[in-house]
């Protein structure tokens, strides 16, 4: 089921959520839009380099969870989520709001499999939603009581 979440509550619990997500997800992803790539921001390049050893694949596309571009594409980076990559996610960002251009890639999302969404974020809109089973919903609700609208 698709569940809108309280973005502020999710944002406030960023570090705890990263740690919990390892129990549900095998992957995470983020996006670099082409217009930002053309600016060649060193900060974004540095973030990508930090996660390079966890990289599963990259895809040039006009669509990813929560977003459909018109007349443009972006690069989607898919990474393995494990203890080490979760520590790094927690180390480089204080919250989901950090995941926005020009300093960071955008739209940090968590996936069960390479295409099965768990948490989708659209950071520049301060929006996020979960796609959860009933059991997952109850578990997340118990861990983060104020997370669902």
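All of the numbers you see were taken from the coordinates with simple rules; none came from a lab. Just so you know, these numbers come straight off a predicted model, no measurement behind them. Note: ideal-geometry Cβ built from the backbone for every residue, glycine included; neighbour counts use all protein chains shown.
Using a 10 angstrom cutoff on alpha carbons, build the Gaussian network for the chain and name the most mobile of 55, 81, 119.
Sorting by GNM fluctuation, first place goes to 55.
Report relative contact order for the chain in percent, whole number only (criteria: Cα-Cα under 8 Å, sequence separation at least 6).
37
Could you give the angle, 0 to 90 degrees to the nearest 10, between helix 134-143's Cα long axis and the longest principal axis of the Cα atoms of the chain?
90
Under 8 Å for C-alpha pairs, at least 6 residues apart: give me the relative contact order for region 50-128, rounded to a whole percent.
Reported relative contact order: 23 percent.
Can you give me the angle between helix 83-92 and the longest principal axis of the chain, using Cα atoms only, in degrees from 0 to 90, rounded to the nearest 10?
So the helix axis and the longest Cα principal axis differ by about 70 degrees.
Going 7 Å from the Cα of residue 114 along its beta-carbon direction, which residues of region 48-69 have the amide nitrogen within less than 13 Å of the resulting point?
So the set is 55-60.
From the helices alone, meaning DSSP H stretches of at least four residues, give me the mean residue ellipticity at 222 nm for the chain, per-run term -39500 (n - 2.57), in deg cm²/dmol to the nearest 500. Intermediate values should be presented prior to the final figure.
Details: 6 runs with 47 residues, N = 149.
Result for the chain: -8500 deg cm²/dmol, rounded to the nearest 500.
With springs only between Cα atoms under 10 Å apart, run a GNM on the chain and tell me which of 23, 13, 90 wobbles the most.
Most flexible of the set in this elastic network: 23.
Measuring from label point to label point, each 7 Å out along Cα→Cβ, what is the residue 6 to residue 45 span in nm?
4.2
Per 0.36 nm of contour for each residue apart, how much would the distance between residue 127 and residue 16 grow if the chain were fully extended, relative to their Cα-Cα spacing?
Contour length minus the Cα-Cα distance gives 38.1 nm.
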